[in-house]
Amino acid sequence: MTPTPVKRILFVVALLLALLLLMWGTAQAQGVQLTDDRGRRVQLAQPPQRIVSLLPSLAESVCALGACERLVGVDRYTNWPESVKKLPQVGGGLDPNIEAIVALRPDVVLMAASSRAAERLLALGIPVLALEPKTHADVQRVLGKIGLLLGVPDARRVWREIDAGVSAAAQSIPPAARGQRVYFEVSPGPFGAGEGSFIGETLARLHARNVLPASLGPFPKLNPEYIVRADPDRIMVGARSADGLLARPGWAAMRALREGHLCRFSAEESDILIRPGPRMAEAARLMAACLREGL
């Protein structure tokens, strides 16, 4: 007897499900294999269930990919989302408490490529994945790698949401607010965000012009006189730096400060702005609101 169309459809569906299960089983058997930003190959028997993160943007990425419950420890600066504040803190990215990390029995430790703790942890048999996003392309790449690490099937979704959010922020900038020359101060020093940084890339997408060229590096330490000579139209700065700006020689005469085009960001807002990760769309909205202010 000839099979009915319904039976044929059910057969095809069952066959596809069997193939998917076979592919999933094969992937599980192969485990996780990644190359990190140091060029080292990282192999795990299965996706990690106990993760320690030593960089806020990496912890935020794990949470954005729906795996916050796998975090068992974080560095002292990680404070988002709210749930991570309850986790044990294991020092900073540059000065982690190795004993505290070992006590948490992590399957893997996420850290910046610049951290010096990798060799000590590897010597203790703890796998390390070093990732350090510095540009928009890096954020997209790192989200993809963490997605592979976690076994999350659609990690690209998070990047698409970030990218769409930055584009929406750019569309909110009226013609009168475009083309402003901006100085973005990352931290006292002063350290600024150059054109080649992820912050500089966001400013460019928001139709702003950065007074710090890419040739200076992504986050150069500056002579304050350099900013006086650049005379930006607008200054973006965190609250920790803002109070001392007028005391810097020559700064009170700059156009941005004379005309009140100074955006002070709270500590919470600064965290959003200076972390290259899943909250970059929110950072773009904060910068866009600053660019529209007073115009």
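Scanning segment 217-235 for residues that are open to solvent by 70 Å² or more (accessible area, probe 1.4 Å), over 24 Å from Arg279 (Cα atoms) and either among the small types (Gly, Ala, Ser) or outside any strand (DSSP E or B) (or both) yields Asn223, Glu225, Arg229.
The C-beta contact set for segment 177-193 (first residue within 12 Å of Pro213 (Cα to Cα), second residue among the polar types (S, T, N, Q) and open to solvent by 40 Å² or more (accessible area, probe 1.4 Å), distance under 8 angstrom, 6+ apart or interchain) is empty. When segment 223-243 is filtered for residues that are in contact (Cβ under 8 Å) with a residue 24 or more places away in the chain and either out of contact with any Asp or Glu (no Cβ under 9 Å at 6 or more places or on another chain) or at positive phi (or both), the ones remaining, listed by number, are Pro224, Glu225, Val228, Ala230, Asp231, Pro232, Arg240.
Inspect segment 147-169 for any residue being under 12 Å from Leu54 (Cβ atoms), touching a residue at least 12 places away in the same chain (Cβ under 8 Å), not in a helix (DSSP H, G or I) and not β-branched (Val, Ile, Thr) and give the result as yes or no. Explain how you work it out, then say what you get.
Looking only at segment 147-169, we keep the residues that are under 12 Å from Leu54 (Cβ atoms), and these are none.
Taking every residue of segment 147-169 in turn, none turns out to be under 12 Å from Leu54 (Cβ atoms), touching a residue at least 12 places away in the same chain (Cβ under 8 Å), not in a helix (DSSP H, G or I) and not β-branched (Val, Ile, Thr).
A Cβ distance below 9 Å, combined with a sequence gap of six or more or placement on separate chains, defines the contacts here; from segment 34-57, residues that are free of Cβ contacts under 8 Å to residues at least 12 places away in the same chain reach residues that are in a helix (DSSP H, G or I) and surrounded by 13 or more Cβ atoms within 10 Å (Cβ to Cβ) in the pairs Thr35/Lys145.
Scanning segment 137-170 for residues that are modelled with pLDDT of 95 or more, out of contact with any strand residue (DSSP E or B) (no Cβ under 9 Å at 6 or more places or on another chain) and surrounded by 20 or more Cβ atoms within 10 Å (Cβ to Cβ) gives Val139, Val142, Leu143, Gly147, Val158, Trp159, Ile162, Val166, Ala169. Kindly indicate whether Leu245 is assigned to a helix (DSSP H, G or I) and in contact with a Leu (Cβ under 9 Å, 6 or more places away or on another chain). Considered against the rule, which asks whether it is assigned to a helix (DSSP H, G or I) and in contact with a Leu (Cβ under 9 Å, 6 or more places away or on another chain), Leu245 comes out as no.
For segment 105-126, a residue qualifies if it is surrounded by fewer than 19 Cβ atoms within 10 Å (Cβ to Cβ), part of a loop (DSSP other than H, G, I, E, B) and out of contact with any helix residue (DSSP H, G or I) (no Cβ under 8 Å at 6 or more places or on another chain), and the qualifying residues are Arg105, Ala113, Ser114, Arg116, Gly125. Looking at segment 235-249, can you tell me whether even one residue there is of a type in the set (Gly, Ala, Ser) and modelled with pLDDT of 95 or more? Looking for residues that are of a type in the set (Gly, Ala, Ser) and modelled with pLDDT of 95 or more, one finds none in segment 235-249, hence no.
Number of residues in segment 268-285 that are over 20 Å from Ser167 (Cβ atoms) and touching a residue at least 40 places away in the same chain (Cβ under 8 Å): the value is 2. Summed over segment 171-197, the residues that are modelled with pLDDT of 95 or more and open to solvent by 10 Å² or more (accessible area, probe 1.4 Å) give a count of 13.
The values are calculated or read from the model by the stated rules, or taken from the named source; none is laboratory data. Keep in mind the model is a prediction, meaning the values are calculated, not measured. Glycine gets a Cβ as well: all are built from the backbone with ideal geometry, and neighbour counts include every protein chain shown. Surface accessibility is based on the protein's heavy atoms, side chains included, excluding ligands, DNA and RNA. Shrake-Rupley method; radii C 1.70, N 1.55, O 1.52, S 1.80 Å.
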